[in-house]
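What follows is a single structure, written as C-alpha cells, with notes after it.
The values are calculated or read from the model by the stated rules, or taken from the named source; none is laboratory data. Computed from a predicted structure; not experimentally measured. Ideal geometry is used to build each Cβ from the backbone, glycine not excepted, and the neighbour counts take in all protein chains shown.
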C-alpha cells in the first residue's frame, strides 16, 4: 500500500491524494494493520482521507471502531454496488455507513445502463439478456423509472441517479460514460427533485426482503414489545 501510494504520487506529479480507496477486501490482511498504515499516510500528508470499497460490513465496522479507539483516521466513505435493481446493501452496509457518518458512493447506479431504459427500447448494450440485471423484476423496475421520468420531463437515467441521492443518507453516485452526451445527461440530475410519491413508487417497485433481523425488527408486534406497548407513542426522529 505504501509503495502504491508513492508510485501514484509520482505518476500524478502531486504531493498528496485527496481520498484513497481500498478496493475489494482480500480477506487476508489484518484490518488493524490496514488502518494503521492508512493513518501513517494521513499523518505524513500523503493522503487526506481513507475510504473503502466492496468489503463486508463487519470488516468496515471493526476497522472504524478500532480506529476510533486508537485515535487513527477512520474510513470516511464506502463504495458499493447500489441502484434500484441492486438494493441488497440496505441489509447491512448502508445502515453501517449511516451509523459511522460515511458517505456512500454507489457504483453502477444505472445498473450497467439498464435503468436508462435502453433495453426496453430495443437498443443494444454490454448487458446480456441472461443477466440478472435484465430479468423480469429489473424490467418492471425500469418501467417504473421510465414512468416517473415521463412525469417530470427528465430522462430515466436522471431519475435512477436521483433516487440514489434521495435515500436519507449522504450519497454521491459514481457515473460512467462512453459518450459526451451521456455525461451531459448525467449532470442534469442535479436539476431535478423526486417527490415523496415518486420515491414511494420507485421504492415499492424495487423493494427487497431485508431478511433477518431487518424484517424482524419491522414487525408491529416486535416494535410494540420493545417499547412496552407504547411504540405508537414514541417520537420518531431522523
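Residue 88 fails exactly one of the following numbered conditions: (1) in contact (Cβ under 8 Å) with a residue 60 or more places away in the chain; (2) surrounded by fewer than 21 Cβ atoms within 10 Å (Cβ to Cβ); (3) closer than 15 Å to residue 59 by Cβ. What is the number of that condition? Only one criterion is unmet by residue 88, namely (3). Of all the criteria given as (1) without any contact (Cβ under 8 Å) to a residue 60 or more places away in the chain; (2) under 30 Å from residue 142 (Cα atoms); (3) assigned to a strand (DSSP E or B), the one not satisfied by residue 79 is (1). For the stretch 14-39: of the residues being touching a residue at least 12 places away in the same chain (Cβ under 8 Å) and part of a helix (DSSP H, G or I), which is nearest to residue 90 (Cα to Cα)? By that ranking, first place goes to 31. Comparison of 164, 181 shows that the only residue that is in a helix (DSSP H, G or I) and within 18 Å of the chain's Cα centre (by Cα) is 164. For the stretch 113-124, a residue qualifies if it is in contact with a helix residue (DSSP H, G or I) (Cβ under 7 Å, 6 or more places away or on another chain) and surrounded by 17 or more Cβ atoms within 10 Å (Cβ to Cβ), and the qualifying residues are 114, 115, 116, 117, 119. For the stretch 159-183, the set of residues classified as farther than 26 Å from residue 76 by Cα and either surrounded by 15 or more Cβ atoms within 10 Å (Cβ to Cβ) or modelled with pLDDT of 95 or more (or both) consists of 159, 182, listed by residue number. Of the residues making up the stretch 209-231, none is part of a loop (DSSP other than H, G, I, E, B), at pLDDT 95 or above and surrounded by 14 or more Cβ atoms within 10 Å (Cβ to Cβ). Taken over the stretch 59-75, the criterion of being within 21 Å of residue 91 (Cβ to Cβ), in contact (Cβ under 8 Å) with a residue 24 or more places away in the chain and part of a helix (DSSP H, G or I) is satisfied by 59, 60, 61, 62, 63, 64. There is no residue in the stretch 132-139 that is more than 24 Å from residue 54 (Cβ to Cβ), more than 16 Å from the chain's Cα centre (by Cα), free of Cβ contacts under 8 Å to residues at least 24 places away in the same chain and not in a helix (DSSP H, G or I).
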